[in-house]
Amino acid sequence: MHISEGFLPLTHAAAWAAIAAPFAGGGIARLSSRRDDRFLVAASAGYLFALTALKLPSVAGSSSHPTGVAVGTLLAGPVLMPALALVVLLFQALLTGHGGLTTLGANLMSLGVVGPWITWGLWRIAVRAGAQPKVAVMLAAFAGSLATYACTAAQLALAHPDATGGVGGAFVKFGAVFAVTQVPISVVEAVFSVTVLGVFERASGWAAAGREAWVRR
Amino acid sequence: MHDHSPIGHLAYSNRWRERSPEEKLALGGGLLLLASLLPALPWSLIIFIVSATAALAGARIPGRAWLRFLAPQAIFFTAAVAPLVFTVSPLGWYADGVPRAAGLWLRGLACASCLSLLSLTTPVPDLLAVLGRAKAPAALVELAFLVYRLAVSSFALLDRLRLGLDLRLAGKRLTVAAASHSAGNLLVRGIDSARRLERGAAIRGVEGFLLLPPETRRSAPFLAAAIGLEVALLLGAVLFRRSFPW
């Protein structure tokens, strides 16, 4: 999902950075006020870093990979996710050449804002509808991963509209290419997230069912 | 603390190791901005040559190591621009696809080369110290340092986990369940490792994490040359904008 350096016009890159900035600011403010959770947040960021580094090349300078958004969002909360994703994206640009500095804002929107909020929203809806915690996590992880990619497809479609179909045509084209790899990756990530959170639950007493109380602390 | 990853090793051992990170940021970051802003031809090509020369001849990054960083990116970009050239429904290619894809490919490569100039010559803690001096939020710098420290220490931990997993699997294929259990363990141990790191710093009387300022020397001629080069490139692009329109 990371859009590579140079693949967005500078005006688009600046616009995405401006849109992502308030979310990043909110995440940093939350991070400063919840210093006791910094180990958990750092470990979630490390998990995100490792999972998103497993990339396959995809359309127009982007990539396909697991997102790690569900584990990060359910452990740290959606408000903190932009700060966490900012650090991860910065390191990936500098250490692995994955993503870029000028495309940081666009990548932050997909990985740090859209994916986490969709994950969080769906998780809450599923829990309130009485779904089992594991089913709720699985559903949220699957949708969050796909939403991250839908956001990237929209960003690429705006930057590289189709010669005949325009922005809509390009969105369908980019979305279709992403879907080939991302739908199976998202299914695997959903299963993966349930197991990872299960291991974490057994080790720390954290429980997916009590997630909301955890984040509101 | 030393980073023993290939990029970390180069960042700590190159000829520009002792240059101020701000100066390297001015050169690599400035060229990166120009590569994103100026028309791909000929400016991306020129910026690629300039950044490659700075890395190979200036910082003396070994050619093979530099290629190992850039070659996967070039292959990645080639695969990435293919959908701009070819169409599967109906089968064929776009008339303007090749120049568009070539321009994007070249720009991507020039940007990756600028980024490699920065990351192969500057260790991450030096860049974090720049962020700290630039008054970036302390919580963010602390998180970045902690994540970096965890990433470095996780390499060794990951090797041990992988070895344990191989022994348990005894030749069987890795399953999603086994891999996700390892990832969960890595998460739990990562938190534990971070707690111990902070406790160690607290014993030394440091609150939070110890971020040592890099031992670097400032060089006004280097900074002036970097900015002069970038201004010259920008002026060149403005002067020749009729031949190479923006």
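The values are calculated or read from the model by the stated rules, or taken from the named source; none is laboratory data. Quick caveat, the model's predicted, so the values are computed rather than measured. Glycine gets a Cβ as well: all are built from the backbone with ideal geometry, and neighbour counts include every protein chain shown.
Structure notes:
- Test for B:Ser154: is it at pLDDT 70 or above and outside any loop (DSSP other than H, G, I, E, B): no
- Being over 26 Å from A:Ala13 (Cβ atoms) and modelled with pLDDT of 90 or more is a property that does not hold for B:Trp93.
- Among residues of the range A:27-50 that are more than 17 Å from A:Phe192 (Cβ to Cβ) and at the interface with chain B (Cβ under 7 Å from one of its Cβ atoms), those with a Cβ under 7 angstrom from a residue that is surrounded by fewer than 21 Cβ atoms within 10 Å (Cβ to Cβ) and at pLDDT 80 or above, sequence gap 6+ or separate chain, pair up as A:Ile28/B:Pro137; A:Ser32/B:Pro137.
- Residue within the range A:4-20 that is among the aliphatic types (A, V, I, L, M), touching a strand residue (DSSP E or B) at 6+ places or on another chain (Cβ under 8 Å) and either facing chain B (nearest Cβ under 7 Å) or touching a residue at least 60 places away in the same chain (Cβ under 8 Å) (or both) present: no
- Residue count, the range B:48-88 (criterion: among the charged types (D, E, K, R) and within 13 Å of chain A (Cβ to nearest Cβ)): 1
- Considering residues of the range B:112-145 that are of a type in the set (Gly, Ala, Ser) and under 28 Å from B:Ile46 (Cα atoms) only, the residue farthest from the other protein chains (Cβ to nearest Cβ): B:Ser113
- The lone criterion from (1) in contact with a Pro (Cβ under 7 Å, 6 or more places away or on another chain); (2) within 14 Å of chain B (Cβ to nearest Cβ) left unmet by A:Ala163 is number (1).
Here's the yes/no breakdown for (1) free of Cβ contacts under 8 Å to residues at least 40 places away in the same chain; (2) of a type in the set (A, V, I, L, M); (3) in the same structural domain as B:Leu118 (by TED's automatic domain parsing); (4) buried (at least 18 other Cβ atoms within 10 Å of the Cβ):
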{"position": "B:Lys24", "(1), (2), (3), (4)": "no, no, yes, yes"}
{"position": "B:Gly30", "(1), (2), (3), (4)": "no, no, yes, yes"}
{"position": "B:Leu41", "(1), (2), (3), (4)": "no, yes, yes, no"}
{"position": "B:Ala52", "(1), (2), (3), (4)": "no, yes, yes, yes"}
{"position": "B:Ala59", "(1), (2), (3), (4)": "no, yes, yes, yes"}
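- Of all residues in the range A:108-141, those satisfying the criterion of being within 14 Å of chain B (Cβ to nearest Cβ) and either closer than 29 Å to A:Leu10 by Cβ or under 14 Å from the mean Cα position of the chain (by Cα) (or both) are A:Leu108, A:Gly112, A:Ala141.
- Among the residues listed as B:Leu41, B:Leu91, B:Leu45, B:Leu104, the single one being of a type in the set (A, V, I, L, M) and within 12 Å of another protein chain (Cβ to nearest Cβ): B:Leu104
- Test for A:Ala93: is it assigned to a helix (DSSP H, G or I), at the interface with chain B (Cβ under 7 Å from one of its Cβ atoms) and touching a residue at least 60 places away in the same chain (Cβ under 8 Å): yes
- When the range A:87-107 is limited to residues that are under 13 Å from A:Ala42 (Cβ atoms) and surrounded by 24 or more Cβ atoms within 10 Å (Cβ to Cβ), the one that is farthest from the chain's Cα centre (by Cα) turns out to be A:Val87.
- Looking across the range B:67-106, the residues that are surrounded by 16 or more Cβ atoms within 10 Å (Cβ to Cβ) and among the aromatic types (Phe, Trp, Tyr) come down to B:Phe69, B:Phe76, B:Phe77, B:Tyr94, B:Trp105.
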